[in-house]
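The values are calculated or read from the model by the stated rules, or taken from the named source; none is laboratory data. Computed from a prediction, not measured in an experiment: that's the story for all the values here. Here the Cβ positions follow ideal geometry from the backbone for every residue, glycine too, while neighbour counts run over all protein chains shown.
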Amino acid sequence: MNWTRVTSTENIPLREGRTVRIGEQEIAVFNLGDRFVACHNACPHRGGPLADGIVSGTSVVCPLHAYRVCLETGKLTKPDLCVRVDTYPVRVEDGVVMIALPKEQEKAA
């Protein structure tokens, strides 16, 4: 797994998300206060930009139709459907947010 530097921690305000691109992948990165998390930036319902949603606890509410996505698991929790968005490992080194993509997505990126 290769780690990609995406942005400085100061570029993502507390309880907000930002969109980053790694190759062709559009990823939403969120600052939860005690940690950063990342997921695919499109809501599985109609593709709403999750980075623009409202963060509540460890979830984000899609700005288009108020679907709620758990940022830890990617599971849609409102409505409760067996649908998920991809989530990605995140780490912070020296104030820089880094994301790792699965091997098959690294090739596409």
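Does segment 20-46 hold any residues that are within 21 Å of residue 102 (Cβ to Cβ) and surrounded by fewer than 14 Cβ atoms within 10 Å (Cβ to Cβ), and which are they?
21, 23, 24, 35
Which one of 15, 21 is assigned to a strand (DSSP E or B) and not aliphatic (A, V, I, L, M)? Explain how you work it out, then say what you get.
On the way: 15 fails: assigned to a strand (DSSP E or B).
Residue meeting the stated conditions: 21.
Looking only at residues that are touching a residue at least 40 places away in the same chain (Cβ under 8 Å) and loosely packed, with under 14 Cβ neighbours inside 10 Å in segment 75-92, which one is nearest to the chain's Cα centre (by Cα)? Spell out how you get there, then give the answer.
Keep residues of segment 75-92 that are touching a residue at least 40 places away in the same chain (Cβ under 8 Å), which gives 84-92.
From what is left, the residues that are loosely packed, with under 14 Cβ neighbours inside 10 Å are 89, 91-92.
On the way: 89: 10, 91: 13, 92: 15 Å.
The residue in question is 89.
Given the conditions (1) in contact (Cβ under 8 Å) with a residue 24 or more places away in the chain; (2) touching a helix residue (DSSP H, G or I) at 6+ places or on another chain (Cβ under 7 Å), which single one is not true for residue 62?
The failed condition is (1).
Test each condition in (1) closer than 24 Å to residue 93 by Cβ; (2) part of a loop (DSSP other than H, G, I, E, B); (3) in contact with a Gly (Cβ under 8 Å, 6 or more places away or on another chain) for residue 64 and report the one that comes out false.
(1)
Check 41, 2, 11, 31 and return the single one that is at pLDDT below 95 and not β-branched (Val, Ile, Thr).
2 is the lone residue from the list that is at pLDDT below 95 and not β-branched (Val, Ile, Thr).
Which members of segment 8-29 meet the condition of being hydrophobic (A, V, I, L, M, F, W, C) and out of contact with any Ser or Thr (no Cβ under 8 Å at 6 or more places or on another chain)? Explain how you work it out, then say what you get.
Step one: of segment 8-29, the residues hydrophobic (A, V, I, L, M, F, W, C) are 12, 14, 20, 22, 27-29.
Result: 12, 14.
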